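Working notes, beginning with the structure itself.
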Amino acid sequence: MEKVRAIVYGIGAMGSGMVRLMLAKDWIEIVGGINRAHPELKDKSKVKVGKDLGEVAGVGRKIGVIVSDNPDDVLAKAKANLVLHATSSPLSEVEAQIINCVEAGCNVISIAEVRLAYPWVHNSESGQRIDEAAKKNGVTVLFTGINPGFMMDLVPIMFTGVCASVRKITLWRLLDISPYGSGVLNNLGVGLSVSEFEKGLADGSIGWILPLTCPQIDMISEAIGWKLDETKRIVKPITSNKPKKTSYGVEIGAGKVCGVKWSYFGIKGGEALITFDWIHMLHPKEEGLEPEDRCFIEGESDIDLVVKKLDSGVGTYAHAVNTIPQVMQAQPGLFTVRELPVAAALP
Ligand SMILES: NC(=O)c1ccc[n+]([C@@H]2O[C@H](COP(=O)([O-])OP(=O)(O)OC[C@H]3O[C@@H](n4cnc5c(N)ncnc54)[C@H](OP(=O)(O)O)[C@@H]3O)[C@@H](O)[C@H]2O)c1
């Protein structure tokens, strides 16, 4: 594999984790950092653009790469062959950012858009445009992370591989969202009252990081050959019993929204064949709840897989970084995690 020359695009909580992890690998050189600028910021300690990437990402030392707000400039000058993409933007913006990187000749691993992790049932036009641009420019694009990209799509699919038959799949994930940045938490409506949350969800000002349809259900059902009639979504805000805050500066009062339960149902003949409960919660342990992932497959044979202690932040950026060799060696085009060899934690 050629030496990886990586740009990190979006230096928030996850982009910073990617920087720290990549610095420990001698087969990767970080050659660029991109983030949007905030000229209005009064608190200069929060400014990212113009500072050394090591400083912004919490490495504790300078690494000789200055964060820029000009993607075209960085893509033209850095001679990179990979972009790790972790902005927090709506679908159309993410698509434009990815195509810009692809047209500069860079492979891309993005964690930033749930829909594009499996766009082949819904959102296929966007997937098609990225796929065509990647093929035209001879590069590979992958959308991954911990979910989508692992826990509620790849893992259940792998476990159906040891079943003789499958009748139903029930997935349940309670995750602590405190490792994620303010872009994600604001988008989930954390800190709002319940009525502000309902209004924001209805007018689209929050919730756009989680779609109406469920790409993970699409990926699973196509993998096991189920033709579903429809997917239904139910969203319920969760309120906090006490004030909470995160290390990224998000603070909420008691009684405010501290998380969301997104339920999706993959339905055939009026029956939910795939049930998908995705519970995002700020510091669930403070409310006596342990983060946990559960995958229950009814079939021959039944499987009840329970995963505890997995840090959703580490899992997200580690899976993106650990997938770099697979992406660098893949054919050009837009891939999903199902089509690439499984990632492993290379030193
Ligand atoms: N697939 C998965 O498993 C998974 C898991 C976790 C998170 N995610 C996704 O990963 C993304 C990042 O999460 P996070 O926790 O790191 O969020 P975050 O802390 O809010 O970081 C996002 C970063 O991107 C920057 N940014 C946003 N829009 C930009 C733009 N148009 N141009 C340049 N920079 C831009 C933000 O800048 P400022 O904040 O400085 O303005 C911020 O530094 C989110 O989209 C989230 O939904 C995916």
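Scanning for something open to solvent by less than 40 Å² (accessible area, probe 1.4 Å), under 28 Å from Gly181 (Cα atoms) and either acidic (Asp, Glu) or more than 19 Å from the chain's Cα centre (by Cα) (or both), does the stretch 331-347 turn up at least one residue? The answer is no; no qualifying residue exists.
Could you look through the stretch 76-87, keep only residues that are out of contact with any Lys or Arg (no Cβ under 9 Å at 6 or more places or on another chain) and surrounded by fewer than 24 Cβ atoms within 10 Å (Cβ to Cβ), and pick out the one that is nearest to Cys214 (Cα to Cα)?
To start, the set of residues in the stretch 76-87 that are out of contact with any Lys or Arg (no Cβ under 9 Å at 6 or more places or on another chain) comprises 76-77, 83-86.
In the following step, the residues that additionally are surrounded by fewer than 24 Cβ atoms within 10 Å (Cβ to Cβ) were identified as 76-77.
Details: Ala76: 36, Lys77: 38 Å.
Filtering first and then ranking leaves Ala76.
I'm checking my understanding of the structure. Among residues of the stretch 92-104 that are open to solvent by less than 40 Å² (accessible area, probe 1.4 Å) and not charged (D, E, K, R), which one is farthest from the ligand (Cβ to nearest atom)? Per the criteria, the residue is Val102. Which members of the stretch 31-46 meet the condition of being buried (at least 16 other Cβ atoms within 10 Å of the Cβ) and either more than 9 Å from the ligand (Cβ to nearest atom) or outside any loop (DSSP other than H, G, I, E, B) (or both)? Within the stretch 31-46, Val31, Gly32, Gly33, Ile34 qualify. Against the definition (crowded, with 17+ Cβ neighbours inside 10 Å and either modelled with pLDDT under 95 or acidic (Asp, Glu) (or both)), how does Leu174 come out, yes or no? It is false that Leu174 is crowded, with 17+ Cβ neighbours inside 10 Å and either modelled with pLDDT under 95 or acidic (Asp, Glu) (or both).
Do we find a residue being farther than 30 Å from Gly207 by Cβ and modelled with pLDDT under 95 anywhere in the stretch 30-44?
Looking for residues that are farther than 30 Å from Gly207 by Cβ and modelled with pLDDT under 95, one finds at least one in the stretch 30-44, hence yes.
Quick one: which of Asp73, Asp26 is away from the ligand (no atom under 16 Å from the Cβ) and open to solvent by 30 Å² or more (accessible area, probe 1.4 Å)? Walk me through it before giving the result.
Working: Asp73 fails: away from the ligand (no atom under 16 Å from the Cβ).
When all the criteria are applied, what remains is Asp26.
The selection criterion, being out of contact with any strand residue (DSSP E or B) (no Cβ under 6 Å at 6 or more places or on another chain) and surrounded by fewer than 18 Cβ atoms within 10 Å (Cβ to Cβ), does not hold for Lys245. Residue count for the stretch 105-136 satisfying the condition of being outside any helix (DSSP H, G or I), of a type in the set (Gly, Ala, Ser) and away from the ligand (no atom under 15 Å from the Cβ): 1.
The values are calculated or read from the model by the stated rules, or taken from the named source; none is laboratory data. Just so it is clear, the model here is predicted, and its values are computed rather than measured. Note that we place each Cβ from the backbone using ideal geometry, even for glycine, and neighbour counts take in every protein chain shown. Ligands, DNA and RNA are excluded from the accessible area calculation, which covers all protein heavy atoms including side chains. Shrake-Rupley method; radii C 1.70, N 1.55, O 1.52, S 1.80 Å.
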